[in-house]
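Engineer: Here it is, the structure in full.
The values are calculated or read from the model by the stated rules, or taken from the named source; none is laboratory data. Keep in mind it's a predicted model, so treat the numbers as computed, not measured. No Cβ is skipped: glycine too gets one built from the backbone with ideal geometry, and neighbour counts run over all protein chains shown.
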């Protein structure tokens, strides 16, 4: 607090985005095929921001802490490349406020009308709308100016 006002730092803003991303991951883990949710243990994946500003990912299945800034293979990451890409996009949102395209959560996105996650259209729409609400997903631009 400074002069009765809250001092907003980059770290404060990143922590707010981190909370939003973790809420978003919980929705992904409780919707559709429930990725990022190990139903046997009841654990959901989540992100952490350390004291040095680095983003870590806690894997829901292996329960391992994974450094997301490493460009090689992530040991102990239990998901495939498509979900690793999503983790990277979410990391970039936490650190740099980069938004994810709304098209990423569309069934028409890839593979001839089938989303690579295998989530149904209703689940994808729910995820997309939550991402918009949390400021993670970019607002779609309408054509025609």
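Engineer: Based on what the data block shows, is residue 71 surrounded by 13 or more Cβ atoms within 10 Å (Cβ to Cβ), at pLDDT below 90 and over 12 Å from the mean Cα position of the chain (by Cα)?
Structural biologist: Working: surrounded by 13 or more Cβ atoms within 10 Å (Cβ to Cβ): no; at pLDDT below 90: yes; over 12 Å from the mean Cα position of the chain (by Cα): yes.
Against the criterion (surrounded by 13 or more Cβ atoms within 10 Å (Cβ to Cβ), at pLDDT below 90 and over 12 Å from the mean Cα position of the chain (by Cα)), residue 71 does not qualify.
Engineer: Also, I was wondering about something else. Could you grab the pairs with beta carbons closer than 8 Å, sequence gap of 6+ or different chains, first residue in the range 52-66 and in contact (Cβ under 8 Å) with a residue 40 or more places away in the chain, second one assigned to a strand (DSSP E or B)?
Structural biologist: 55/47; 55/48; 55/49
Engineer: From the residues in the range 112-145 that are in a loop (DSSP other than H, G, I, E, B) and modelled with pLDDT of 90 or more, which one is nearest to residue 95 (Cα to Cα)?
Structural biologist: Within the range 112-145, the subset in a loop (DSSP other than H, G, I, E, B) is 114-120, 135-136, 138-145.
Subset that is modelled with pLDDT of 90 or more: 135-136, 138.
On the way: 135: 13, 136: 12, 138: 16 Å.
Per the criteria, the residue is 136.
Engineer: While we're here: Of all residues in the range 41-56, which are crowded, with 18+ Cβ neighbours inside 10 Å and part of a loop (DSSP other than H, G, I, E, B)?
Structural biologist: Of everything in the range 41-56, just one residue is crowded, with 18+ Cβ neighbours inside 10 Å and part of a loop (DSSP other than H, G, I, E, B), namely 45.
Engineer: Given the conditions (1) in contact with a strand residue (DSSP E or B) (Cβ under 6 Å, 6 or more places away or on another chain); (2) over 20 Å from residue 127 (Cβ atoms); (3) assigned to a loop (DSSP other than H, G, I, E, B), and given that residue 60 satisfies all but one, which numbered condition is not satisfied?
Structural biologist: For residue 60, the exception is condition (2).
Engineer: Report yes if residue 31 is assigned to a loop (DSSP other than H, G, I, E, B), touching a residue at least 60 places away in the same chain (Cβ under 8 Å), at negative phi and surrounded by 13 or more Cβ atoms within 10 Å (Cβ to Cβ), otherwise no. Walk me through how you get there before you give the answer.
Structural biologist: Values: assigned to a loop (DSSP other than H, G, I, E, B): yes; touching a residue at least 60 places away in the same chain (Cβ under 8 Å): yes; at negative phi: yes; surrounded by 13 or more Cβ atoms within 10 Å (Cβ to Cβ): yes.
Yes, satisfied.
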